[in-house]
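Here is the structure we will look at, set down as structure tokens.
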Amino acid sequence: MRGEQVVSSTNAAVAALGHSVIPTVNKLQDIFAQVGKESTIELPQVAVIGSQSSGKSSVLEALVGRDFLPRGNDICTRRPLVLQLVQTKRRADGIEEEWGEFLHLSGKKFLNFDEIRKEIEAETKREAGGNKGVSDKQIRLKIFSPNVLDITLVDLPGITKVPVGDQPSDIETRIRKMINLYIKPPSCLILAVTPANSDLANSDALQLAKTADPGGSRTIGVITKLDIMDRGTDACKILLGKDVHLQLGYVGVVNRSQEDIQMNRSIKDALIAEEKFFHSHPAYRDLADRCGVPQLAKKLNQILIRHIKTVLPVLKSRISAELVSVAKEHASYGEISESKAGQGALLLNILSKYSEAFSSLIEGKDEEMSTSELSGGARIHYIFQNIFVKSLEEVDPCEGLTDDDIHTAIQNATGLKSALFVPYVPFEVLVRRQIARLLDPSLQCARFIYDELVKMSHRCMLNELQRFPVLRKRMDEVIGNCLQESLEPSETMIRHIIEMEMDYINTSHPNFIGGSKAVEVAQQMTSRVAAPISRQKDAGDSKKSLNSERTAKSRATLAGPVNGNLPEQGVRHVTDVEKTALSGNGASATWIISSIFGGSGNRTSVRENSNVEPVSEPVQSMEHSVSLIHLSEPPSFLRPSETNDHEAIEIAITKLLLRSYYDIVRKNMEDSVPKAIMHFLVNHMKRELHNVFIKKLYRENFFEEMLQEPDDVSLKRKRTRERLRVLQQAFRTLDELPLEAETTERGYSLNTDPTGLPKINGLPSSSSYSSTSGSSESYTASPKNPKSRKSSHSGELNPDSSGGERNSVLGLYPTVDIY
Ligand SMILES: Nc1nc2c(ncn2[C@@H]2O[C@H](COP(=O)(O)OP(=O)(O)OP(=O)(O)O)[C@@H](O)[C@H]2O)c(=O)[nH]1
């Protein structure tokens, strides 16, 4: 294997296509391999075109540096040969194994390159026959070597004009079509081969290339057979582009002649001979940068470098995006500590962060606040205002109480006596009963908030705590208990509030309608019922009462928000007159209710107020109603007899009082229940959660148990950490690559090719016979890799030194692994 199969000559090595690019591509391939298998740098395909026997296969072989293609005057390329070079990893033992594999003989390794040539010949015959026939069916050959680029080269049949052997009459058209198919894609680099001993103006290769690449941005002119030109002629004009201009210029080469092949001259020797030829030829001495296979390789390498440079930004942004997401994922797994102190700090940190996050969620400072739905504190507010308060507003205070029920209650409270005044007792009993109804929704409200807090506690640090299931469970238990313990006092408080309301019916409340006002309104109501009868009699009075009602109404609208009466829509089943009454000035009415209920404080005796008009009428009515009672056989189930006018007023008054007082209590509840819940439950949790956590969970002997991670989390952390490292490394490497490429260009831009192409340093063979461009200055080492200067020189000076082969080509990249 070693020796024969390893390219050991400097010239052969430096001439090989892509050698200067290999280190860069190697780095990139390493990055790809680590970052993701799906990524790869696709290098452009190189196709060799030209007329028959122009020297295409010879050029290709010289570029690859291996002797494996059928060549000769009688042997021609009759099927497209797609040659895929595949870079293999260098073996640890230093042996460089190279082999070929055909697609049509998959799995068979050809270690001997003579065998490869024979198989190409045999396979050509199998498909295209033995008599000059041409086929467009590809032969696909892969060459595996650690010294090659992953690049595809295509050797195409030469253009012939006159059909011979089994060739069809339209052979020229067919071959042209076939060639065009390969060179048409813009990613294909064209090596247009023309022998120096033919007329360039009639070059088939240049003609075809011009059609496929009119701009000439991917065509390199290759002039072969400079050694067999007519004596006294040279190709200087061609090489300088004076005959036919080509943007990328021309390179003149001297391949092995038929005689050389017959004498088994190796590529290595051929390259030495070529070098000698150009060195000794007076016409070509000054054109060293356009003479020789190494120069051709250099031009190609330069194009490949440019290609890679265009790929780099995309690659970089892809890696940087991945870097961000992997870093985020890695952070989500957090760190873990082995020491007690470290574990304690971590636990403390988690507990503090959790408590903060919980508070933030309630206060609406959550960073990951949703924009699609209400969350956290906003939900609590919604429950208070849109569910609790709204439900209370919709409750009818007299719901479930018919006029008959009230009438019965009044009669029951009057007992043996006939009612002289509107009794206080039924009002109190009824109002208490209605206040008691507020307990359930208030407790339910507290439950809702409790449920919300439970939900919030589950949402907090969901991702961060995923890796500590034991801790999560223990925290949930602690929060659950803490919430339960906070719910109890808030429920107790709500019960107390209701009990307080029920225990003392404050008829002196400034917002309470009061008895006299209630009587007045009740009278208005009854007079309205009687109005149709008296309308004709007293049109003026009715007009007056209407006016006063209107005035009262307008007063209600204004007074509403000031004295805190019910909003219009909140009160159901309330008549206009009742509304007028409810909006009336409670203070002015208080003395009347006091007189009726015989209350304390600013209450005055009935007698004292007996001359007050509004009271006298109901009293007269009551007296009148007493005279209507007459005894009869009592049935077993007694309901009061039909209500008379006086009783109707009593019922109306009771209802008015009920509504008025109930509204006061409702307002109190709407205000104090949320306050109780906030104080005893929500804010208590906010204040105490951290302390409770510390008390219950921060115990040294629990650290290990609570910070236990599931196996997959530690595995994932390990994997993401490794991936993060690789990506960071890849990013750094990529960051350095453009600089290296720039250095490359800067290096050769000092020494610009007359064709306009910058000259690439590091291909030393030309320097050995050039006086203008081959100075040692051109071996500019990358400033980042000062060692490479040495290695590039050593590569040149010690061609056979081990490891020098990769370095010697460009001299810009160190061969040692960057990682
Ligand atoms: N003296 C000399 N002979 C050359 C040179 N290049 C090629 N030849 C010879 O020319 C003949 C044809 O070379 P090939 O490389 O087979 O040419 P080709 O273009 O691949 O031929 P087809 O595939 O048949 O089109 C061979 O005998 C080579 O030895 C050269 O630069 N100098």
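Please treat every number below as a calculation from the coordinates, not as lab data. Just so it is clear, the model here is predicted, and its values are computed rather than measured. Ideal geometry is used to build each Cβ from the backbone, glycine not excepted, and the neighbour counts take in all protein chains shown.
Below, the figures for the structure above:
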{"item": "Protection-proxy order for peptides 211-217, 483-489, each taking the mean of Cβ atoms within 10 Å per residue, highest first", "result": "483-489, 211-217"}
{"item": "Span per principal axis, largest first, for the Cα atoms of region 93-229 (Å)", "result": "52, 36, 34"}
{"item": "Efficiency of FRET from Cβ geometry, S187 and S320, R₀ 22 Å, rounded to 0.05", "result": "0.25"}
{"item": "Charge sum, other residues only, whose C-beta stays under 14 Å from N701's C-beta, Lys/Arg counted +1 and Asp/Glu -1", "result": "+1"}
{"item": "Potential extension, H381-D166 segment - 0.36 nm per residue separation minus Cα distance", "result": "68.1 nm"}
{"item": "Listed residue pairs exceeding 24 Å between alpha carbons, taken from K177/K309; K56/K125; K132/K177; K340/K455; K328/K686; K118/K298", "result": "K177/K309; K340/K455; K328/K686; K118/K298"}
{"item": "Per-pair calculated FRET efficiency, R0 = 60 Å: H104 and S337 via Cβ, rounded to 0.05", "result": "0.50"}
{"item": "Coordinate range along principal axes, alpha carbons of region 246-293, Å, largest first", "result": "36, 23, 15"}
{"item": "Separation of the D404 and M229 label points, Cα + 7 Å toward Cβ, nm", "result": "13.0 nm"}
{"item": "Neighbour-count order for V82, V429, V324, fewest beta carbons within 10 angstrom listed first", "result": "V324, V429, V82"}
{"item": "Difference of contour (0.36 nm per residue) and Cα-Cα distance, I694 to Q444", "result": "86.9 nm"}
{"item": "Mean Cβ neighbour count within 10 Å, used as a protection proxy, ranking 717-729, 448-460 highest first", "result": "448-460, 717-729"}
{"item": "Protection-proxy order for peptides 100-113, 281-294, 347-360, each taking the mean of Cβ atoms within 10 Å per residue, highest first", "result": "281-294, 347-360, 100-113"}
{"item": "Length gained when the stretch A345-E704 is fully extended (0.36 nm per residue, less Cα-Cα span)", "result": "128.0 nm"}
{"item": "Summed residue charge, Cβ within 15 Å of D711's Cβ, Lys/Arg positive, Asp/Glu negative", "result": "+3"}
{"item": "Fewest-first sequence of Y504, Y182 by Cβ atoms within 10 Å of each Cβ", "result": "Y504, Y182"}
{"item": "Fraction of antiparallel bridges per DSSP, region 60-218 only, in percent to nearest 5", "result": "60 percent"}
{"item": "Residues L111 and D735, FRET efficiency given R0 of 45 Å [Cβ-Cβ distance, rounded to 0.05]", "result": "0.65"}
{"item": "Inter-site label distance for R126 and N506 at 7 Å from Cα along Cβ, in nm", "result": "10.7 nm"}
{"item": "Kirkwood-based shape ratio for region 95-170, expressed as Rg/Rh from alpha carbons", "result": "1.05"}
